[in-house]
Amino acid sequence: QVREWKNEGSKRYMCTGRPGWLTVSLRVGKYKKTHKNIMINLMDILEVDKERQVVRVEPLVTMGQLTAHLNPMGWTIPVVPELDDLTVGGLIMGTGIESSSHIYGLFQHTCVAYELVLADGSLVRCSPTENSDLFYAVPWSCGTLGFLVAAEIKMIPAKKYVKIHYEPVRGLQKICEKFAEESKKKENSFVEGLVYSLEEAVIMTGVLTDEAEQSKINRIGNYYKPWFFKHVEKYLKADRTGVEYIPSRHYYHRHTRSIFWELQDIIPFGNNPIFRYLFGWMVPPKISLLKLTQGEAIRKLYEQHHVVQDMLVPMKSLEKSIQTFHADLNVYPLWLCPFILPNNPGMVHPKGDETELYVDIGAYGEPKRKQFEARASMRQMEKFVRSVHGFQMLYADCYMTREEFWDMFDGSLYHKLREQMNCKDAFPEVYDKICKAARH
C-alpha cells in the first residue's frame with residue numbers, strides 16, 4: 001500500500017486506516033478523513049521465544065489477548081497496561097504504564113525491537129544495537145516515522161496471584177513520602193496509589209506469588225464484584241490496612257470493569273449490588289462503542305465538563321503536583337503510578353544524565369473546581385508540568401502551542417530522523433496529529 005501511494009505521486013499524508021472510534025483515546029482525529037488510509041490488519045501473536053524470553057507480536061494485539069495467551073503458558077509481560085483493549089501499537093507509538101513500572105519503566109522500555117514499514121515502502125528492524133536512532137525515536141511518535149508491523153517484548157515468568165497490601169494514609173506530605181518510599185523498593189512487584197481527597201489516599205503494594213491463603217483470595221475481576229476503586233475506598237473509610245490475594249490476570253485488569261472510575265459518570269448505579277448481580281456481565285461498554293454512538297453535542301459537553309489526563313512528573317514534584325491538580329481541576333480519585341525513566345535518547349527522558357523516578361498522575365472525571373474552563377485550566381496545568389520537566393500523555397487533549405509542545409518534549413532525534421527518512425511528505429508531524437486543532 002505504501003509503494004502504491006508512492007507510485008501515485010505521494011500526494012497526501014498517510015495514516016493507519018483503523019477508524020478513530022476504535023481507539024481507546026477519547027480523541028477522534030479528523031486527519032482520518034483527509035489522509036491516505038493504510039489498512040493494517042495485523043492482530044496476531046507471532047511467536048513466543050522461551051529461550052530469549054521474548055514474545056513477538058503484531059501491532060493490533062491487545063493487552064487482554066496477550067495476557068490470555070501467555071498466562072496459561074506460565075509467562076507474562078513486565079508491564080501490562082490496564083485496559084483490555086489497549087493495543088501494542090498504541091502503547092509503543094503513544095505510551096503505556098502500569099504499577100510495575102517502578103521496576104521496568106514505561107511499556108516502551110520493555111520492548112527489545114520494532115519492525116517498521118517506512119515512507120519509501122521498505123521494511124526495517126530496529127533495536128538498541130541495530131538502527132538504534134530509529135529504535136529510540138519510535139516511542140511517542142504516534143505513527144509519524146513509519147508504520148509499526150511487529151514488536152518484540154520481553155517476557156517474565158507469571159505467577160498465580162498478587163498478594164496486595166492496602167494502607168490508608170492521611171496528610172498530603174505523608175502520602176507523598178510513603179508513596180515515594182514504596183516506589184523505591186524493588187521487592188514490591190507493584191506500587192499504586194488512589195488519592196480520594198487532598199489529604200486521603202490508599203497506597204497499595206503487591207508481590208507476585210504462587211501461594212495464597214484461601215480465605216483471603218479476592219477474584220476482583222468477576223462481574224458481580226464491587227468496582228475496584230470502591231473496594232479500595234473501604235479500607236480508607238474503615239481506617240484499616242488489609243491483605244488480599246488477587247489472581248494475577250484479575251489484578252492486571254482490575255480497573256477495566258469500571259474504566260478506572262469513568263463508568264460512575266456513565267452508569268451512576270453501576271456499582272449497586274443488585275445491578276452488579278443482574279447486569280454486571282454487560283459492563284464495561286467498549287470505549288469504542290461509546291465513541292461511535294456519542295453525538296456531537298455530548299462530545300462537546302464532555303470536552304467542557306470532563307477531564308481525562310495523565311501527567312508524568314518527577315517524584316520529587318509529587319506534592320506540588322497534587323496541589324496543582326487540586327487547585328486547577330479538583331478531580332478525585334487521582335491515580336498515582338510510579339515509573340523509572342531511563343536516560344535514553346528520544347522524545348521523553350529525564351532532565352539530568354541519570355535514570356529518574358517519575359510518577360504518572362491520572363485525573364479522570366468531572367472537575368469540581370467552580371471556575372473550570374477546559375482550555376484555560378488545562379493550559380495552566382500543562383504550563384506547570386513543563387516547569388517541573390514533566391510530560392503529558394499524548395492520547396489526551398493537548399492545548400499547547402507548537403513551541404510549548406517542543407519545549408516539553410525533546411524533538412532533536414525525532415526531527416533529525418524525519419529529515420533523513422523523508423517523512424515530511426509522508427506523515428504529519430506528531431504535534432499536528434495530537435494537538436487540539438487536529439480534532440473534529
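When we screen GLU319, GLU303 for residues that are touching a residue at least 40 places away in the same chain (Cβ under 8 Å) and open to solvent by 60 Å² or more (accessible area, probe 1.4 Å), the only hit is GLU319. Whenever a residue of region 72-98 is closer than 14 Å to ALA151 by Cα and in contact (Cβ under 8 Å) with a residue 60 or more places away in the chain, its partners that are basic (Lys, Arg) and surrounded by fewer than 18 Cβ atoms within 10 Å (Cβ to Cβ), lying with C-beta atoms within less than 9 angstrom and at least six residues away or across chains, give the pairs ILE77/LYS154. Every condition in (1) open to solvent by 10 Å² or more (accessible area, probe 1.4 Å); (2) under 21 Å from the mean Cα position of the chain (by Cα) is met by LYS160 except one, and the failing one is (2). Applying the criterion of at least 1 residues that are out of contact with any Pro (no Cβ under 9 Å at 6 or more places or on another chain), among the aliphatic types (A, V, I, L, M) and open to solvent by 30 Å² or more (accessible area, probe 1.4 Å) to the helices (runs of 4 or more DSSP H) found wholly in region 339-422 leaves 374-387. Among the residues of region 201-221, what is the count of those that are within 24 Å of the chain's Cα centre (by Cα) and under 19 Å from TRP261 (Cβ atoms)? So the answer is 6. Residues in region 261-272 that are assigned to a loop (DSSP other than H, G, I, E, B), surrounded by 14 or more Cβ atoms within 10 Å (Cβ to Cβ) and not small (Gly, Ala, Ser): TRP261, GLU262, ILE267, ASN271, ASN272. Of the listed requirements (1) surrounded by 15 or more Cβ atoms within 10 Å (Cβ to Cβ); (2) closer than 30 Å to GLU419 by Cα, TYR196 misses just one: (2).
Output yes when any residue across region 323-333 is among the small types (Gly, Ala, Ser) and touching a strand residue (DSSP E or B) at 6+ places or on another chain (Cβ under 8 Å), and no when none is. So far as region 323-333 goes, no, none of its residues is among the small types (Gly, Ala, Ser) and touching a strand residue (DSSP E or B) at 6+ places or on another chain (Cβ under 8 Å). Which residues, taken from region 213-260, are modelled with pLDDT under 95, in a loop (DSSP other than H, G, I, E, B) and open to solvent by 60 Å² or more (accessible area, probe 1.4 Å)? TYR223, TYR224 - these are the residues of region 213-260 that are modelled with pLDDT under 95, in a loop (DSSP other than H, G, I, E, B) and open to solvent by 60 Å² or more (accessible area, probe 1.4 Å).
For region 329-342, the criterion of a residue being touching a Gly at 6+ places or on another chain (Cβ under 8 Å) and without any contact (Cβ under 8 Å) to a residue 60 or more places away in the chain is satisfied by at least one position. Pairs are defined by a Cβ separation below 7 Å, a sequence spacing of at least 6 or placement on different chains, a first member in region 148-163 that is free of Cβ contacts under 8 Å to residues at least 40 places away in the same chain, and a second member that is open to solvent by 30 Å² or more (accessible area, probe 1.4 Å) and outside any loop (DSSP other than H, G, I, E, B); no pair meets this definition.
Here's the yes/no breakdown for (1) of a type in the set (Val, Ile, Thr); (2) touching a helix residue (DSSP H, G or I) at 6+ places or on another chain (Cβ under 8 Å); (3) part of a helix (DSSP H, G or I):
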| residue | (1), (2), (3) |
| --- | --- |
| ASP133 | no, yes, yes |
| TYR136 | no, yes, yes |
| CYS142 | no, yes, no |
| ALA150 | no, no, no |
| VAL162 | yes, yes, no |
| HIS165 | no, no, no |
| VAL169 | yes, yes, no |
| LYS174 | no, no, yes |
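The values are calculated or read from the model by the stated rules, or taken from the named source; none is laboratory data. This one's a predicted model, so the numbers in the text were calculated from it and none came from an experiment. Note that each Cβ is placed from the backbone with ideal geometry, even for glycine, and that neighbours are counted across all protein chains shown. Only protein heavy atoms, including side chains, enter the accessible area calculation; ligands, DNA and RNA are left aside. Shrake-Rupley method; radii C 1.70, N 1.55, O 1.52, S 1.80 Å.
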